[in-house]
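The values are calculated or read from the model by the stated rules, or taken from the named source; none is laboratory data. Predicted model only: the values in this text are computed from it and were never measured. Neighbour counts run over all protein chains shown; Cβ positions are idealised from the backbone, glycine included.
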Amino acid sequence: MSLAIAGMGWVTPLGSGIDSVWEELLDGHEASATTISEKFGDRSYSVFRVPESAMAGSAHPRLRRASVISRFAAVAGLDALRGAGVELGSQNAERTALIFAISNGGVIYTKRFYSDIVDAGAQSASPLLFPETVYNAPASHLAAILGITGASYTLVGDGAVGLAAIKMAEDLMANETLDHCLVVGTEEVDWLVCDAYRRWRLVRTAPPIEPFSEQQRGMLLSEGAGAILLARLPRHSLAEAGGSPLTIECAHPGGCFTKRAEAARIVKRILTDLGQREIDLVISSANGTFVDQAECSALEQIIPETLVYTAKPALGESIGAAGLWQVILAAKALRCAELPPVLHAPAAITLRLSSSRTSLSEAQRAIVLSCGLNQQAAGLRLAIG
Amino acid sequence: MVEPSNANGRKATARVAVVAAGVVSPLGFGLNETRNSLRKSRDCVGPVTRFSVAQCRCKTAGQVSDDRLLANRGEAPRSQRLHRASHMMIQALKEVVAQAPQFEPDLTVIGTTSGGMSYGEHYYRSLRQAADLRHAPTWIANYPAQKPVMDAQEFFGIASPCQVIANACASGTNAIGHAFECVRSGRYERVLAGGYDAISELVFTGFDSLQASTPEKCRPFDRNRSGMVLGEGAALLALENLDGAHKRGAPILAEIIGYGISTDNFHITQPDPSGVGPRQAMERAVESADILAGEVDYVNAHGTATVFNDAAEGKGIQTLFNGVPVSSTKSMMGHSLGAAGAIEAIVCLLALQHQFLPPNINFAALDDDLNLNIVANDARPAVLRTVLSNSFGFGGTNASILIRKFEA
């Protein structure tokens, strides 16, 4: 079943708003890294944070005590609806499903909550913080803001969870009484998460992220949200889409790998399944880690001539939000017939990467590939026209 | 006759069979021990042993015995490193595989709330107190919510993609419900579904801080109820297209026939007092199954024994189902959060297979504002054909599934 992308919302370290972030990427800009530290930690980490200026529209009373992860999600979700020209009332809210993709969840409040317990004992645990530590808190806030009374799901996973959420949306939208499904990926960054990934040698201390580098020096974490509003194709008019419809032709169920060395095998299978049609570009999840090798190897074998792009050097690795960001990138590339430059990639690489803006005239199909850091991989195929 | 539809009216294409089930919980390891505990009305809640609760109001929980859980894990270093939640999932899947060795799922859908949380606690506490961090890579690797699912699948050579649903305390029922819809729609032939959660200090203390947990006995729907106690466990159901299951001669344990989901936006931790959220979920499950509410023979309630939950759920039940027997088996084993819906689905399965009503223990007198037929304190025989299981969670997530005795 094909689904139309009716609207999109984007909150990133390069700001918010689909067109604004896209222009920044086309111009070859990358987010500024900031350094975060922790009073009990002996190291600092570079991360890409969302600037406060990107958070206009997150002042809803429901979000007063919420962590930034919920605010990112609300801004992106509301933007996606606005972009689609969809206003939810009591009737269509019931016909709209909400799916969230999350990896580490509300880690800032979780750390604060547990820190109080460690420092001063259980009696100091905050009943205000605890509900915000629950994985589905961001979904709950957005559902309340939008008045959604039907299906709401929060999926947890690694970087592939965003595409898994779209796969779930595809399954839910087989339901003919659902008109829309709003899929939101969101993540917030914290020192604790950086330190955890560092212990698996997955983060580097400072920019840049060097995709597809043999050295695999690691990633930098980032934060933000991405949202897409999906609609069933026959009911979705061209006017709503603002031009030729962008469709998710096929969301692959993906798979799991138990060892890093097996990641390439799963990615190859996904590429083989999705590559049955002519593919013009691939939005990769390459982030400077082992993921790059897995994707590079699979791409070289299955579709070696296809143009490949990754935005992670510019935006960082946002894990739960990353898959949604990649879908937005694919949609914009197909719609604008252009691809931003890939930053900081090695010169000697067999993949087709471009270090400058690249025209994509006649491009019709893209594959979005996501190989997560915790053993999950997924993919989907997007088309225009 | 109108064709059965899903929770929101989709035309159905397949009947959905439960072809195998596995469970580990405070009630016991496996279906037989669980059934025996239910029939004997065993109170499986005891003092918390895994961490200090000296500063908590509540001191008890339903816990899975480590002596048994870890006894068969083997000497392999990798197995030694796995989180308890992984061992619970392995134990539950072992029972499924023993019943249905040919069952190869197209998809696995599992509910949880906190993954390997206690490993996250070890990591943070060690960092905070500048303690030994040699095991940090192991804690970190086994912390993600999807890890126990993948560990269990790997243990039995299952390689299906997995979706991990974290809809708070409704997660397990949501997972089974979504899996049911995946098979019913014809998009999937076989889906493994269920839930797991292992008790952790952070979550235990969180519920204690909200004063949602009780220092007394857990007394769902009782006039003097004072809160919940936590539990833990894992449960799995193998769902398959009924025709496909028949063709390969698989034994059919029961059918899932309906699923309802709703979201009420009243408050992040409290249900709408009118009971609208639970009522909508139950109504949608009944509509989805295309049955009459009067056909429901038993309700396994969410029944946490908090003042607000039981009041809202009770109103929903009494509005829809006149005089139906109701019990909350959380009174016996505690609230296992993401596993609760899956364990309670298995309680329903056993009730259907063995034709008895599971008990709501610690019950003295019904809340004055409720009009419910509580299965008080003792299991009793009954003729059951269709039963409903409820799960509700933080964030206003509500889910109900309907399970029917299989009749060829």
Just need a number here: residues in region A:195-229 that are in contact with an Asp or Glu (Cβ under 6 Å, 6 or more places away or on another chain) and at positive phi. 1
If you check every pair at least six apart or on different chains, which have Cβ atoms under 7 Å apart with a residue in region A:55-66 that is modelled with pLDDT under 90 first and a residue that is in a loop (DSSP other than H, G, I, E, B) second? A:Arg65/A:Leu128
Matching residues, region B:128-174, being in contact with a Gly (Cβ under 7 Å, 6 or more places away or on another chain) and over 17 Å from A:Gly157 (Cα atoms): B:Cys169, B:Ala170, B:Thr173
Would you point out which residue out of B:Ala281, B:Ala301, B:Ala305 is on the phi > 0 side of the Ramachandran plot, modelled with pLDDT of 95 or more and within 19 Å of the chain's Cα centre (by Cα)? B:Ala305
With respect to the numbered conditions (1) touching a Lys or Arg at 6+ places or on another chain (Cβ under 9 Å); (2) surrounded by 22 or more Cβ atoms within 10 Å (Cβ to Cβ); (3) over 26 Å from A:Gly57 (Cβ atoms), which one is the sole condition not fulfilled by A:Lys167? (1)
Testing B:Ala351 on (1) buried (at least 22 other Cβ atoms within 10 Å of the Cβ); (2) over 15 Å from B:Arg385 (Cβ atoms); (3) modelled with pLDDT of 95 or more; (4) of a type in the set (Gly, Ala, Ser), one condition comes back false. Which one is that? (2)
Any idea how many residues of region B:33-48 are surrounded by 17 or more Cβ atoms within 10 Å (Cβ to Cβ) and either over 10 Å from B:Ile361 (Cβ atoms) or of a type in the set (A, V, I, L, M, F, W, C) (or both)? 8
Residues to consider are A:Ala143, A:Ala139, A:Ala93, A:Ala73; find the one that is in a helix (DSSP H, G or I), modelled with pLDDT under 95 and under 27 Å from A:Met173 (Cβ atoms). A:Ala93
Within region B:373-408, residues being touching a strand residue (DSSP E or B) at 6+ places or on another chain (Cβ under 8 Å) and part of a helix (DSSP H, G or I) number 2
Hits in region B:116-129 (condition: facing another protein chain (nearest Cβ under 7 Å) and not hydroxyl-bearing (Ser, Thr, Tyr)): B:Glu121, B:Arg125, B:Leu127, B:Arg128
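To keep it simple, each residue is scored yes or no on (1) of a type in the set (Gly, Ala, Ser); (2) within 9 Å of chain B (Cβ to nearest Cβ).
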{"position": "A:Ala125", "(1), (2)": "yes, yes"}
{"position": "A:Leu129", "(1), (2)": "no, yes"}
{"position": "A:Ala151", "(1), (2)": "yes, yes"}
{"position": "A:Gly162", "(1), (2)": "yes, no"}
{"position": "A:Ile166", "(1), (2)": "no, no"}
{"position": "A:Leu178", "(1), (2)": "no, yes"}
{"position": "A:Val183", "(1), (2)": "no, no"}
Looking at region B:283-300, which of the residues that are touching a helix residue (DSSP H, G or I) at 6+ places or on another chain (Cβ under 6 Å) and not in a strand (DSSP E or B) is nearest to B:Arg190 (Cα to Cα)? B:Val286
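Checking the conditions here, which among B:Val203, B:Val229, B:Val164 is β-branched (Val, Ile, Thr), farther than 25 Å from A:Phe100 by Cα and either in contact with a Cys (Cβ under 8 Å, 6 or more places away or on another chain) or within 13 Å of chain A (Cβ to nearest Cβ) (or both)?
None of the other options fit; the residue is B:Val229.
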I'd like to verify a number: residues in region B:259-314 that are among the aliphatic types (A, V, I, L, M) and within 12 Å of chain A (Cβ to nearest Cβ), how many? 4
Would you be able to say whether some residue in region A:348-357 is in contact with a Ser or Thr (Cβ under 8 Å, 6 or more places away or on another chain), touching a residue at least 12 places away in the same chain (Cβ under 8 Å) and part of a strand (DSSP E or B)? yes
Select the helices (runs of 4 or more DSSP H) contained entirely in region B:103-158, then report the ones holding at least 1 residues which are touching a strand residue (DSSP E or B) at 6+ places or on another chain (Cβ under 6 Å). B:147-155
Criterion: over 20 Å from the mean Cα position of the chain (by Cα), basic (Lys, Arg), surrounded by fewer than 24 Cβ atoms within 10 Å (Cβ to Cβ) and in a helix (DSSP H, G or I) - qualifying residue of A:Arg82, A:Arg112: A:Arg112
Scan region A:55-70 for residues that are more than 16 Å from A:Ser222 (Cα to Cα) and either in contact with a strand residue (DSSP E or B) (Cβ under 8 Å, 6 or more places away or on another chain) or part of a loop (DSSP other than H, G, I, E, B) (or both) and jot them down. A:Ala56, A:Gly57, A:Ser58, A:Ala59, A:His60, A:Arg64, A:Arg65, A:Ala66
Look through B:Leu370, B:Leu350 and report the one residue that is touching a strand residue (DSSP E or B) at 6+ places or on another chain (Cβ under 9 Å) and hydrophobic (A, V, I, L, M, F, W, C). B:Leu350
Working carefully through the options A:Glu94, A:Glu52, A:Glu132, find the one that is more than 28 Å from A:Met219 (Cα to Cα) and of a type in the set (Asp, Glu). A:Glu94
Looking at (1) in contact with a Phe, Trp or Tyr (Cβ under 8 Å, 6 or more places away or on another chain); (2) free of Cβ contacts under 8 Å to residues at least 60 places away in the same chain; (3) not aliphatic (A, V, I, L, M), which is the only condition A:Arg199 fails? (1)
Do the conditions hold for A:Ala56, that is, is it closer than 30 Å to A:Gly243 by Cα, facing chain B (nearest Cβ under 10 Å), small (Gly, Ala, Ser) and over 19 Å from the mean Cα position of the chain (by Cα)? no
Would you pick out the residues in region B:262-295 that are in contact with a strand residue (DSSP E or B) (Cβ under 7 Å, 6 or more places away or on another chain), over 14 Å from B:Gly316 (Cα atoms) and not acidic (Asp, Glu)? B:Thr263, B:Ser288, B:Ala289, B:Ile291
Can you pull out the residues in region B:158-180 that are surrounded by 24 or more Cβ atoms within 10 Å (Cβ to Cβ) and in contact with a Leu (Cβ under 7 Å, 6 or more places away or on another chain)? B:Gln163, B:Val164, B:Ile165, B:Cys169, B:Ile176, B:Ala179, B:Phe180
Per the filter on region B:372-385, residues over 16 Å from B:Gly303 (Cβ atoms) and surrounded by fewer than 21 Cβ atoms within 10 Å (Cβ to Cβ) are B:Asp378, B:Arg380, B:Pro381, B:Ala382, B:Val383, B:Arg385
Can you confirm whether region A:114-123 contains a residue that is touching a residue at least 12 places away in the same chain (Cβ under 8 Å) and among the aliphatic types (A, V, I, L, M)? no
